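Everything below concerns the one structure shown next.
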Amino acid sequence: MSHFLTQRTHVRGGNPFTLDGIRNTSWPRICVVALFIDSWLFLFTSMILVYGIGLATSEAACHAVNAVCIGFYTSSKLFVYMFLGAPPIFHPPATTIS
């Protein structure tokens, strides 16, 4: 997973974790990284709520897990749709002079 994350955040000619690096990063790459972070946050948050607090402890804990699940599902769908809605980058075909 680390390899894929570094491949997705690689920016030509700069550090992707600086303000200039973020400005030079394409929108689809930002969406992919945001989706990756969102997915990991969902895993850790739901793991803490389910196994740390427990669903059987109270009704409020059960409602919290439902809200977290719906929230992360919605945000992941939002990142996917923003990725799919990004305009594609077309490279013109190379022209040869004969």
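Overview of values
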{"quantity": "Gain in span if fully extended, Thr45 to Tyr73, counting 0.36 nm per residue against the direct Cα distance", "calculated": "8.8 nm"}
{"quantity": "Residue order, fewest to most surrounding Cβ atoms within 10 angstrom, among Leu84, Leu49, Leu78", "calculated": "Leu84, Leu78, Leu49"}
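Computed from the coordinates by the stated procedures, all read-outs in this text should not be read as laboratory data. Please read all numbers here as calculations on a predicted model, not as lab measurements. Neighbour counts are summed over all protein chains in view; Cβ atoms, including those assigned to glycine, are modelled from backbone coordinates with ideal geometry.
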